[in-house]
């Protein structure tokens, strides 16, 4: 047996190879998790940040951090809520960081498509993301799970640790708040 030491009459021991075996299993487990949840993490990050580059950075950071550490027990037991929370929190950090860096070049991309409002599709998208960021984090999580990941109310309740009725009320209030913000933009125009 490669990597084992056998002293006369003793049973072979894998002690010398155990760390490399565990590390190999960890790598396989992480690879499976990456393949299964990459799109889920990316969509969550993209919905919050509104940027493909930021979403990719968030996704890569999460999996790189997992690679650098041991597999957290919460991730082993139930990876979906763990990865959602990680993507959500890291996306919020990215947004906060972006707000701290005031850009001197405020060049907007001109989209050929304009809607009846006179705003480009990019501008409407930007304003919607701003409105979503004005909601509290719990409401934002529920909106993303419902409208980006198409989860049922029961599934959202399970993931967030709340009741189905709490999720329904949060969605109702969040939609009402978003409608109010959007109407205010149209009236200001």
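Structure above, values below:
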item: Residue check, residue 57 within 29 Å of residue 137 (Cβ to Cβ), modelled with pLDDT under 90 and not assigned by TED's automatic domain parsing to the domain that holds residue 150; result: no
item: Complete set of residues in segment 47-64 that are part of a helix (DSSP H, G or I) and touching a residue at least 12 places away in the same chain (Cβ under 8 Å); result: 47, 48, 49, 54, 55, 56, 57, 58, 59, 61, 62, 63
item: Where a residue in segment 173-187 is assigned by TED's automatic domain parsing to the domain that holds residue 131 and its partner, wherever it lies, is modelled with pLDDT of 85 or more and in a helix (DSSP H, G or I), with Cβ under 6 Å and at least six apart; result: 174/139; 174/143
item: Within segment 147-167, tally of residues that are touching a helix residue (DSSP H, G or I) at 6+ places or on another chain (Cβ under 6 Å) and either surrounded by 16 or more Cβ atoms within 10 Å (Cβ to Cβ) or farther than 17 Å from residue 46 by Cβ (or both); result: 9
item: Tally, over segment 134-146, of residues that are free of Cβ contacts under 8 Å to residues at least 60 places away in the same chain and either crowded, with 16+ Cβ neighbours inside 10 Å or part of a loop (DSSP other than H, G, I, E, B) (or both); result: 7
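The values are calculated or read from the model by the stated rules, or taken from the named source; none is laboratory data. Just so it is clear, the structure is predicted and the values come from calculations on it, not from any experiment. Methodologically, a virtual Cβ is constructed for each residue, glycine included, from the backbone with ideal geometry; neighbour enumeration extends over all protein chains shown.
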